[in-house]
Structures are given as C-alpha cells and as structure tokens.
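Data block below; observations after.
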C-alpha cells in the first residue's frame, strides 16, 4: 500500500505541475505574440510617418524650387510606397497608392537631370 500511495502522490504532483505549466505556457506565448504585433505596428507607423514627412519635404522643396532635393525626396517616397504597399494599403485603404507612387515617379523624370 505504501508504494501505491507514493505513486499516487507522484502522479498527483505531476498532474498539478502540468496544470500549472500548460496555462503559463499559453499565457507567455500569447504575450510574446502581442509584443511582436506591437513592434510590427510601431515599425509600420514609423514608415508611414517617414512617408508623410517626405511628402512635406517635397512640398517645401517645390515651393522653393529646390529641384535636386525634390527629386531625392520623390524617389525616397516612391520607394517607401513600393516597399510598404500592403501595409500602407491596409492603413489607408481609400488612398490610391499606385497613383501616388506613379506621380512621385514623374517628378524626377520631369524636373531632374539623370
């Protein structure tokens, strides 16, 4: 009977341990997933902010007729759309991102020397 009680106690201890570890595992994996999603969202926002700042610079450069910098920023902004098209489209679904990119690509061809 003593061996039986020891086995039952070990089994009970193992069961308790498992019932504690499994939920902790799922909680920790969920927290990691949430943290990863937050990091990705922050990176998307950083790129989106960078794009908007680039558009503001283009506007200022056009107003001052600073064509070399206008062209550099237009290329940069176009590249940002190209590299982040899907996330930009998700963030601002009503913008015609392809049309904006096409317009940005016209600026260097029209105003800048190759």
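Values quoted throughout were computed directly from the atomic coordinates according to the rules given, and no laboratory measurement underlies them. Owing to the predicted nature of the structure, the values given are computational and were not obtained by experimental measurement. Here the Cβ is made from the backbone with ideal geometry for all residues, glycine too, and neighbour counts use every protein chain on show.
Calculated FRET efficiency, residue 86 and residue 55, Cβ-Cβ r, R0 25 Å, to nearest 0.05?
Computed FRET efficiency for residue 86 and residue 55: 0.80.
7 Å from Cα along Cα→Cβ at both residue 32 and residue 97: what's the point-to-point distance in nm?
Going from the residue 32 label point to the residue 97 one covers 2.9 nm.
If you stretched the chain out fully between residue 22 and residue 109, how much longer would it get, using 0.36 nm times the residue separation minus the C-alpha to C-alpha distance?
Gain on extension, residue 22 to residue 109, equals 25.3 nm.
For the chain, evaluate the Debye formula with one uniform point scatterer on each Cα (no solvent term) and list log10 I(q)/I(0) at q = 0.16, 0.17, 0.19 Å⁻¹, rounded to two decimals.
Here the Debye-derived log intensity ratios amount to -0.81, -0.87, -0.97.
Please arrange 79, 61, 95 by how many other C-beta atoms lie within 10 Å of their C-beta, fewest to most.
95, 79, 61
Taking only Cα atoms, what is the 0 to 90° angle, nearest 10, from helix 2-63's long axis to the longest principal axis of the chain?
Approximately 10 degrees, to the nearest ten.
Helix-derived [θ] at 222 nm for the chain: sum -39500 (n - 2.57) over DSSP H runs of at least 4, divide by residue count, nearest 500?
Result for the chain, helices only: -32500 deg cm²/dmol.
How high is the FRET efficiency from residue 12 to residue 46, r the C-beta distance, R0 41 Å, rounded to 0.05?
Plugging the Cβ-Cβ distance into 1/(1 + (r/R0)^6) gives 0.20.
Working from Cα positions, state the angle (0 to 90°, nearest 10) between the long axis of helix 67-91 and the longest principal axis of the chain.
Result, in degrees: 30.
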